[in-house]
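Okay, structure first, notes after.
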Amino acid sequence: MYKVRIDKFEGPFDLLIYLLENARMDIYDIKVAEITEQYIGYLKEMEQLNIEVDTEFIVLAAVLIRLKSRMLLPRINDAGELEIIEDPRVELRGRLLDYMRIKRAAEVLAAAEEYNLAVHEKPAEDMSVYLDDPDEILRVSDEQLVNAFILFLTRRKKVEDVKKRYTRVRLRKETIENRISEMTELLESKLRDGNGKVLFTELLPEKPDRYDITLSFMSLLSMIKNQGYDAEQKENFGEINVIRREAADVQ
């Protein structure tokens, strides 16, 4: 005799859980009479198809019928009084919950097994060539050791000098509009306190880099075009003086 798998159900509890879910029935409030009829009706359909049902399905059917009778018939004690007993569904509910936990664990293990079967490991290599003589002694004189240390310090200093000389490019620093506003405010303040001329370098931020100088120069060009300022440079690569255009016209 071989085991028959009914549709997608591997056992009687699998079928019972399916019926509960299909009927939207809470496992903590099982309507025994209704679920028993559905369960037995399913088994009868199997018999009509001449499918031999496993004994486990028949046993659970008997359990459900007995539970149904206990739910329908009141319990009378010897004194003729109605006897209050524990909910007879408690045992069935506990067995169903245990089955669901075990089934979930089995699914997790099956998924892990399937994943591990797809993992291909590298064959072990012979490490004896490295383990037989693990210690390697470096034989150098005191002079060679000192020279190697000095070379290390020299290279380290070069790296630090390079880091100081070259900095990373900042993705976004300041817009031309903001720079024009800052330069205009600073320029007007210095023109009021000075002799009518301000060096371009005085309008630069503290410790300017190439980006700051370029942005400030572009801002100055915009100020000359739109805000009535002018600039003069008496020699190539000389200092740039910024003045008001009216002052430039007078000169």
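Just so it is clear, none of the values below were taken in a lab; they were calculated from the coordinates. On a predicted model such as this, the values are computed, not experimentally measured, just so you know. Don't worry about glycine lacking a Cβ; one is built from the backbone with ideal geometry, like all the others, and counts go over all protein chains shown.
Observations on the structure shown:
- The packing ranking, built from the mean of other Cβ atoms within 10 Å per residue, places the peptides 142-150, 33-41, 11-19, 94-102 in the order 11-19, 33-41, 94-102, 142-150, highest first.
- Approximating the spin labels as points 7 Å out from Cα along Cα→Cβ, the residue 102-to-residue 233 distance works out to 8.9 nm.
- Label-zone membership for the stretch 203-245, site residue 189, 7 angstrom Cα→C-beta point, backbone N under 15 Å: 203-206
- For the stretch 172-241, applying the loop criterion from DSSP together with a ceiling of 11 other beta carbons within 10 Å to the chymotrypsin sites (Phe, Trp or Tyr not before Pro) yields 237.
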